[in-house]
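Reading through the C-alpha cells given below for one structure.
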Amino acid sequence: MDNLFGELRLGHLRLAPLGARRRTKVTASQAAAEYTGRWGWAVSVGDQTDAGTAPCPCGSARCAAPGLHPVPGVEGAARTADAESSVLFPTGRAFDVLDVPEQAGLQALVRLERMGTQVGPVLAAPTGRLHFLVAAGTARRLPDLLYRMGWDDAALDLTCHGEGSYVAAPPTVLAGLGPVRWLRRPTRDNAGCPPEARLLLGTLAYACHRGRERTAEPAWIAS
C-alpha cells in the first residue's frame, strides 16, 4: 500500500478539463452563474484586493479563503460580481470541505480512484492545499469520525470547513500565489450529492500521517 503513496506533483496528475479547454478567461460572474444556476450552490463575493492576505483577518490559521470576506449585503448574489471579484463557497450548506496538504491529497486521490471510490469535486488551492467537497455536517462530526477510525490521537494536518466558513472557488486568484483550480470538476452525479466523508477520510488521514512521518525523518533516512 505504501508504494501507492509515493511522491506526486500536481502537474503530473490530470487536471479536470475546463469545459472544452475553455479558450477565454472565465470571469467571477460567469463562474458564479454556473455554480448557482447549474449546480444549485450558494456563492458569495469576496474583496479581490485583499486576496491572499496572511494571516487572514478572520483569525483562523487554516482559513481556506485568506483575506477574502463576503461583501455585506450581497450574500447569494455573486452572479453580479465583476471580473475583479473573488468567488467564495459558503461551506456548511450544500457541502463541507476536507482540507489537506497538496501532496497528501494527491496521494490519497490516486489511491481512492484506484479503489473505485466515487470522489466528489476537488479544488486545488495555490496555497498548497487540496479541498475535497463532502457531505454537509462533516465538520461537526469530524472528531467522532476520526475517533471511530482510530485517528483521534494522531497529529494530522487535516481540517474540515463547515458552517460559518468559506472556501475560495475558481477562478479566484490569490495575490502572489495564483488561481484556485478544479482538480476534479463537479458533475451531475456528485454536485448535488457529495460523498460521505467516511468514504474518503481513512485514506486521507493515512496519507496525511505518512506525509508527517516523512517530514519528521532525518535526511539520511528520507533519502
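The values are calculated or read from the model by the stated rules, or taken from the named source; none is laboratory data. Computed from a predicted model, the values in this text were never measured in an experiment. When we count neighbours, we look across all protein chains shown, and the Cβ atoms used for this are built from the backbone with ideal geometry, even at glycine.
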Residue count, the stretch 120-143, condition over 22 Å from residue 192 (Cβ atoms) and β-branched (Val, Ile, Thr), comes to 1
Considering each of 83, 33, 28 in turn, give the residue that is modelled with pLDDT under 60 and either within 24 Å of residue 188 (Cα to Cα) or surrounded by 12 or more Cβ atoms within 10 Å (Cβ to Cβ) (or both). 83
Is it the case that some residue within the stretch 86-100 is surrounded by fewer than 22 Cβ atoms within 10 Å (Cβ to Cβ) and at pLDDT below 80? no
Can you confirm whether residue 170 is modelled with pLDDT of 95 or more, in contact with a Gly (Cβ under 6 Å, 6 or more places away or on another chain) and buried (at least 18 other Cβ atoms within 10 Å of the Cβ)? no
Criterion violated by residue 122 - all others in (1) touching a helix residue (DSSP H, G or I) at 6+ places or on another chain (Cβ under 7 Å); (2) more than 21 Å from residue 63 (Cα to Cα) satisfied: (2)
Please count how many residues of the stretch 90-113 are in a helix (DSSP H, G or I) and under 11 Å from the mean Cα position of the chain (by Cα). 2
Restricting to the stretch 43-70, what's the tally of residues that are modelled with pLDDT under 65, within 12 Å of residue 127 (Cα to Cα) and not in a loop (DSSP other than H, G, I, E, B)? 0
Which of the residues belonging to the stretch 128-176 are among the small types (Gly, Ala, Ser) and under 16 Å from residue 104 (Cβ atoms)? 128, 154, 155
Can you name the residue in the stretch 191-223 that is modelled with pLDDT under 95 and polar (S, T, N, Q) and, of all such residues, is farthest from residue 147 (Cα to Cα)? 223
